[in-house]
Amino acid sequence: MKQIKLLIAALSIVFTACGQKQDKKTETAAVTEIEAQIEVGTESSVEAEAAANINYSTKIIVPDLNIPWGMAFLPDGSMLITEKAGELIHFKDGKKTLIEGLPDIYVRGQGGLLDIELHPDYENNGWLYITHASEDGDGNGGNTALLRAKLEGNTLTNVKRLYKAGPNSRRGQHFGSRIEFDNDGYLYFSIGDRGNRDENPQDITRDCGKVYRLNDDGSIPKDNPFVNEVNAKTAIFSYGHRNPQGMAKHPKTGKIWVHEHGPKGGDEINVVQKGKNFGWPVISYGVNYSGTRFTDITAKEGMQQPLFYWVPSIAPSGMDFVTSEKYPDWEGNLLVGSLKFEYLERLVIKNNKVTKREKLLEGMGRVRDVKQGPDGFIYVALENVGIVKIVPNS
């Protein structure tokens, strides 16, 4: 009976073709009250609820942004913001300044200027890291690249490319990309499958559909899982991913968590593990956008199950854990942006199980990124709005 109810719930959702497309007119869809999610390994469901008691307000901190993909906070409290169209913005004292020195940015479909992250020891070494789509390399089109640079005044200096996926492709989808450091100083970044579903994700001799791990200077860690595999891309840390656009370090375990887009349904949260295969597209909880199936299985030996998955798809982007004392009721929760339904989702997690989902900031815009700032407040990047701060009400 529970399965029947869940099927009815799923059928009641109005789907759009894809939460990733840039045309906002195709992205309007309603979240119904009976939206349901089967918890992996159980028959129970977790419903996404609107915030019953609004205990926060929002304040626009950085106005008038188009597609703010990523943001990073400098030690002085100012912000670096990436605009997908290819602008790097420094926001300080209420003023936006364009940073010069970026390489050429390949802007196509979901590709452009993507994530930005500071080195954990930024105050001493000044290194910052950026992912972007690039036309350099073999083939027509572009693919995702990672660079390292320093900021001097309003200019990037010491710019060095650390990684460039290949070959290039003229397809406009699934560039990824997010960047994160772990507690040991290793750098992780994601690249989507670039729309080449049936070749890239399951082949460790090919880029794309992967989470990569590097040393902070771009060299390959000696204990990466595939360093001794013939013809393997030795930067790969895990594979079988579709399009990870959220990445965060767990505040207690130090493990790297990612979320990634499914097709029609089957968005996933995964805890990245060394050398593991996360199954795309052999196993999935989603179907083709037409409604037809591309796989008949959701589990297979040797492939990892997601910690959590969404049906229907919310088109997730951006992710961070709440650790700030400013939000005592949210401590340890995971915040995930929804492009498709235009809200921020708060996930309560106990023993690696999602026990509650709550919708925040409903209707404010497509959420691209979410970060807890050094001041303890939560900042959310919204398309065609800007960056807003969530302020708890006293």
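The values are calculated or read from the model by the stated rules, or taken from the named source; none is laboratory data. Note that the structure is predicted; figures quoted are calculated from it, not measured. Cβ: placed from backbone, ideal geometry, glycine included. Neighbour counts: every protein chain shown. Calculation scope for accessible area: heavy atoms of the full protein, side chains included, ligands and nucleic acids excluded. Shrake-Rupley method; radii C 1.70, N 1.55, O 1.52, S 1.80 Å.
Please work out whether the range 130-244 counts as rounded, prolate or oblate from its C-alpha gyration tensor, where a ≥ b ≥ c are the square roots of the eigenvalues and a/c under 1.5 means rounded, while otherwise a/b larger than b/c means prolate and anything else oblate? Oblate, since a/c reaches 1.5 and b/c is not below a/b. Between 321, 181, 377, where does the largest GNM mean-square fluctuation fall for the chain, given springs only between Cα atoms within less than 10 Å? Fluctuation is largest for 377. Per residue, the chain exposes 42 Å² of accessible surface when a 1.4 Å probe is rolled over the protein heavy atoms with every protein chain present.
Using r as the Cβ-Cβ distance of residue 205 and residue 299, and R0 as 25 Å, what FRET efficiency do you calculate, to the nearest 0.05? In this case the efficiency is close to 0.45.
The string of couplings for the range 214-220 from the Karplus curve (6.51, -1.76, 1.60, θ = phi - 60°) is 10, 6, 5, 9, x, 6, 8 Hz, one whole number per residue in order, with x for Gly and Pro.
For the chain, the relative contact order comes to 16 percent (Cα pairs under 8 Å, sequence separation of at least 6). Across the chain the C-alpha pair distances fall into 10 Å bins from zero in the proportions 5, 25, 36, 25, 9, 1, 0 percent.
Quick check on the range 145-281: of the DSSP beta bridges with both residues there, what percent are antiparallel, nearest 5%? Restricted to the range 145-281, the bridges split so that about 95 percent are antiparallel. Once backbone amide H atoms are built at 1.01 Å from N, residue 127 has 119 as its partners under 5 Å, excluding neighbours fewer than 5 places away on the same chain. For the residues 375, 203, 182, a GNM of the chain with alpha-carbon springs under 10 Å puts the largest fluctuation on 375. Annotation: amide H-H contacts under 5 Å for residue 266 (H modelled 1.01 Å from N, sequence separation of 5 or more, or interchain): 310, 311, 313.
To put it simply, the accessible area of the range 245-394 at a 1.4 Å probe is 45 percent carbon and sulfur. A cut-off under 14 angstrom between Cβ atoms defines the neighbours of residue 121, and their net charge, with Lys, Arg +1 and Asp, Glu -1, is -4. Here is how the number arises for the chain: DSSP H runs of 4 or more residues each give -39500 (n - 2.57), the sum is divided by the residue count, and the result at 222 nm is -1000 deg cm²/dmol.
Looking at the square roots a ≥ b ≥ c of the eigenvalues of the Cα gyration tensor of the range 80-128, which shape do they give, rounded for a/c under 1.5, prolate if a/b is larger than b/c, or oblate? The shape class here is oblate.
When a/c reaches 1.5 or more, the comparison of a/b and b/c decides; with that in mind, is the range 303-394 rounded, prolate or oblate per its Cα gyration tensor? Oblate, because a/c is 1.5 or more while a/b does not exceed b/c. In percent, how large is the relative contact order of the range 105-168, given Cα pairs closer than 8 Å and 6 or more residues apart? That works out to 27 percent.
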